[in-house]
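Student: Here's a structure for you.
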Amino acid sequence: MEGVRVTHAGLRAHGPEGSAGRITRAGLAARSTEGTAAKGMAIKGHEDLWVEIQANTFRNWINETLKPVDIKVIDLVEDLRDGTVLCSLVEVLQGRRLRGWSSRPANQHHRLENVTTALQAIEDDGVKLVNIGNVDIVNGNLKLILGLIWSLIVRYQIGRSKFPPRKLMLSWLQAALPECRVNNLTTDWNSGVLLSALLDYCKPGVFPHWKELNRHEAVENCRRAMKLAHREFDVPMVLEPEYLASPWLDELSGMTYLSYFMKPGSPGFKATLDWINSRLERAVTNFTTDWNDGRVANELVRSMGGPALPPNRIRRDPAKWEDNNQSAIDAAKKLGVQPVLSAKDMSQNEVEHLGVMAWATQFRSVPPRPPVHDMLRVALDSTSGRVGEPTYIRVESVSPELAVSDVRVSIINPLEQEARLRLDARGAGEFVPGHAGMHEIVLTVDDIRVDGRYFFRVLPRLVTVPPPGMAPCAVGSIVEVLVSATGAPRREDIDVTAHSPSGRSVPLQPRHPPPSAPDITASSATFQPDEAGTWTIAITYKGEHIQGGPFTCEVFDPAGVRLSPGALEGAEPLKPHSFELDTSGCGAKGDLQLDIVHDKRSVMCALEKLSATKYRATFMPKAPGKHRLYIYFNGYDVQGSPHLFRVGSRPRRHRDSASPAHRISSPG
């Protein structure tokens, strides 16, 4: 702008258009949908100055908007009188042609009709106009003209919202510039420092030394920053540098200029979106519809270590979107991110982009903390437990940000039944499983399931028999025989011999208690059976069997379990699949149990007994992929188990199709 002179009274601009005199004499507030356009301005006695700034800014905004149709406004009052500029402006803003207006109005009636057409189109687009009519524009009522233009700026530049635009703009600027104290949209920007910082936010490194600026060189700082904004981001200078540096800068002018940094497609919009996408697995393109269902909000919170909903708990039903967003908002609060909009607002198609953008920008200042599952450690006394026997589980926190007392622990058994695990003050708990198969340990913090999968396998009960019998045992296990005696018999008179199923005699050497332990009267002997079948244990005293003898011990060979040929091939997802097993090779009766595992979860399997030693197993896999078959006989792992097989794979041909059965062997 030419001919600007600064006096102690403020700024008074005299441009080539020659309209400044009329503007500065207006001295009245302009009405708008916000009430009074400049209502609340803290300026007293210099009303003409902020009106001058506002009129100049609004005129520049109109000219910037009308560039595509090559129309330029010089005087707001005169150039809007006939309605042609106003109709053209509305057409550009709404992207459509208006009907019923004359580009060359010949009289007052035509001018009034033109203005009426424009005002009606504005109202039809949801802009509520207060106390303004066609006569006000034709008669050149500047205060109402300014109010009308501000309504257009709010609707088409800043964005439609039920919230005051000032609040949303401040929220985003405060989040984008956490190192600066942004309390208003006027005097805080006079020095040019905040604008320079904003440029560096939009493009890191474009103005790295903004902190070193001399605040007393306000006009020069503003000019340099505004020129850089125009060169780097094509932000139009609708506001003069001298006006931005003026202590009488009106709020609406400041908001109009700054809106170019935060409207959709703006440099601030793009910079924020780029950072958000760096935290997401799937990129978003906006701050409106992409956020409605709550998926993005929860993923953003989780990326910063917050306890938000995992993807599998995001509900797709639009009726549940508000709940999804509420979960994200609540989890974000734990990271220090305060809500800007309500969950209901975020779930609406017409959500104000600036509200979502302001909320999301706050995460840039959150120090990322490790995911919750990285702050917890789960320890078990063993990787497998056994039915009816306690399994000891310990949960530890490795971060001071999370206490074990905030963690809820549950155990899910193969039947998908969930049981709460109570932890003591040290984070330790005891669980007694009632079912064999894979069990999952589930950790929950703030009602959100923690990522990370913790599993342990539970083996069947060991088969036991009540006294005086001996429990069945597996080939190769160690069998201990206890001999209780009374009357202090001589050691050489006691004989213990084991007889194998094939008739071999295996003498056993009893171990007697030492003389130093007179209270112990039982002797013991051990042996390791190497044959399956019934072993006889003969205990004699001076050649005579003791009472109840001889004793028997059933020894089984788990490796004797056989599968029918191709038993595990040809299984398909969601289709029942059956195979047969034969335990006759085990050498003794016993209890057969199976556990089929896919993705660390047990698959339900029904076992039907066909005869004393033959079984049919039926299961229905839920998904294709690698499966494992664990086989237990009398509670012992069968040698070669687990057997690997694939569901959904093509059956392989057997070279020896005449073979009636095959043993389970270790997967190769």
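Student: Report relative contact order for region 257-367 in percent, whole number only (criteria: Cα-Cα under 8 Å, sequence separation at least 6).
Tutor: Across region 257-367, relative contact order equals 27 percent.
Student: Tell me, what is the percent relative contact order of the chain, built from C-alpha pairs under 8 Å that lie six or more residues apart?
Tutor: Relative contact order, the chain: 7 percent.
Student: To the nearest 10 degrees, how steeply does helix 267-279 sit against the main Cα axis of the chain, on a 0 to 90 scale?
Tutor: Helix 267-279 and the main axis of the chain meet at about 0 degrees.
Student: Relative to the present Cα-Cα distance, how much length would full extension add between Ser584 and Arg104 at 0.36 nm per residue of separation? Write out the running numbers ahead of the final one.
Tutor: Values: separation 480, 0.36 × 480 = 172.80 nm, distance 10.57 nm.
Additional length available on full extension: 162.2 nm.
Student: So who's got an amide H within less than 5 Å of the one on Tyr454, skipping anything under 5 residues away but keeping other chains? H placed 1.01 Å off N, in plane.
Tutor: Close amide H contacts, sequence-distant or interchain: Ile441.
Student: Run the accessible area of the chain with a 1.4 Å probe and give the carbon-and-sulfur part as a rounded percent.
Tutor: Numbers: 15930 of 33230 Å².
Its accessible area is 48 percent carbon and sulfur atoms.
Student: Starting from the Cα gyration tensor of region 199-255, take the square roots of the eigenvalues, sort them a ≥ b ≥ c, and report rounded, prolate or oblate (rounded when a/c is under 1.5, otherwise prolate if a/b is larger than b/c, else oblate).
Tutor: The shape class here is oblate.
Student: Sticking with this structure for a sec: Could you pull the Cα extents of region 53-172 along its three principal axes, largest to smallest, in whole Å?
Tutor: Extents along the principal axes, in whole Å: 48, 28, 28.
Student: At a 10 angstrom cut-off on C-beta neighbours, averaged per residue, how do the peptides 311-318, 297-304 rank from highest to lowest?
Tutor: 297-304, 311-318
Student: At 1.4 Å probe size, with every protein chain present, just tell me what the per residue accessible area of the chain comes to in Å².
Tutor: For the chain, the solvent-accessible area averages 50 Å² per residue.
Student: Can you list residues from other chains, or at least 5 along the same chain, whose modelled amide H is less than 5 Å from the amide H of Leu421?
Tutor: Those qualifying (amide H under 5 Å, at least 5 residues apart or on another chain) are Val409, Ser410, Ile411.
Student: Anything over 22 Å Cα to Cα? Flag those among Lys167/Lys263; Lys162/Lys344; Lys162/Lys334; Lys203/Lys333; Lys128/Lys320, in the order listed.
Tutor: The pairs that break the limit, which is 22 Å between Cα atoms, are Lys162/Lys334; Lys203/Lys333; Lys128/Lys320.
Student: Would you calculate, for the chain, the mean residue ellipticity at 222 nm contributed by helices, counting each DSSP H stretch of 4 or more residues as -39,500 (n - 2.57) and dividing by all residues, to the nearest 500?
Tutor: On the way: 17 runs with 171 residues, N = 668.
That comes out to -7500 deg cm²/dmol.
Student: What angle do you read, to the nearest 10 degrees and between 0 and 90, between the alpha-carbon axis of helix 47-65 and the longest principal axis of the chain?
Tutor: 70
Student: Another question about this same structure. HN-Hα J couplings of region 499-509 from phi, Karplus 6.51/-1.76/1.60, θ = phi - 60°, integer Hz, Gly and Pro as x?
Tutor: Values, residue by residue: 10, 6, x, 8, x, 6, 9, 10, x, 10, 9 Hz.
Student: Apply the Kirkwood formula to region 165-261: the hydrodynamic radius equals the inverse of the mean of 1/r over all pairs of different alpha-carbon atoms; give it in Å with one decimal.
Tutor: Working: mean 1/r = 0.0764 Å⁻¹.
Computed over Cα pairs of region 165-261, the Kirkwood hydrodynamic radius comes out at 13.1 Å.
Student: Continuing with the same structure: Which whole-number percentage describes the relative contact order of region 376-459, with Cα contacts under 8 Å and a sequence gap of 6 or more?
Tutor: About 34 percent, as a whole number.
Student: For Asp381 and Thr540, FRET efficiency with R0 = 41 Å and r from the beta-carbon atoms, rounded to 0.05? Numbers along the way, then the final one.
Tutor: Details: r = 43 Å, r/R0 = 1.04.
About 0.45, to the nearest 0.05.
Student: Multiply the residue gap between His435 and Asn277 by 0.36 nm, knock off their C-alpha separation, and tell me the result in nm, one decimal place. Please list the in-between numbers first.
Tutor: Working: separation 158, 0.36 × 158 = 56.88 nm, distance 4.51 nm.
My answer for the length gained is 52.4 nm.
Student: Right, something else. What is the Cα centroid distance between region 286-354 and region 208-247, reported in whole angstrom?
Tutor: After rounding, the separation between the Cα centres reads 36 Å.
Student: Would region 536-637 count as rounded, prolate or oblate if I go by the C-alpha gyration tensor, calling it rounded below 1.5 in a/c and otherwise prolate when a/b exceeds b/c, oblate otherwise?
Tutor: Cα axes put region 536-637 in the prolate bin.
Student: Go through [x] 49.9; [y] 47.2; [z] 45.9 and flag the label whose value is the computed mean projected area of the Cα convex hull in nm² for this structure.
Tutor: Among [x] 49.9; [y] 47.2; [z] 45.9, the one derived from this structure is [y].
Student: Could I ask something else about it? Quick one: angle between helix 84-94 and the longest Cα principal axis of the chain, in degrees between 0 and 90, rounded to 10, please.
Tutor: 0
Student: Starting from the Cα of Lys609, draw a straight line to each of the aspartates and glutamates and keep only those under 20 Å, dropping any in the same chain fewer than 8 residues away.
Tutor: Cα-Cα hits under 20 Å: Asp557, Glu580, Asp582, Asp591, Asp595, Asp637.
Student: Ok, one more. So what are the ³J(HN,Hα) numbers for region 581-588, from phi and the Karplus equation (6.51, -1.76, 1.60; θ = phi - 60°), rounded to whole Hz, Gly and Pro as x?
Tutor: Going residue by residue, I get 10, 10, 10, 5, x, 7, x, 7 Hz, with x marking Gly and Pro.
Student: FRET efficiency for Glu608 and Glu416, Cβ-Cβ distance as r, R0 = 22 Å, nearest 0.05? Walk me through the numbers on the way to the answer.
Tutor: On the way: r = 23 Å, r/R0 = 1.02.
After rounding, the FRET efficiency stands at 0.45.
Student: Assuming 0.36 nm per residue, please report the length gained on full extension of the stretch Asp374 to Asp75 beyond their Cα-Cα distance.
Tutor: Length gained between Asp374 and Asp75: 101.2 nm.
The values are calculated or read from the model by the stated rules, or taken from the named source; none is laboratory data. A quick note: this is a predicted structure, and the numbers were derived from the prediction, not measured. No Cβ is skipped: glycine too gets one built from the backbone with ideal geometry, and neighbour counts run over all protein chains shown. Surface accessibility is based on the protein's heavy atoms, side chains included, excluding ligands, DNA and RNA. Shrake-Rupley method; radii C 1.70, N 1.55, O 1.52, S 1.80 Å.
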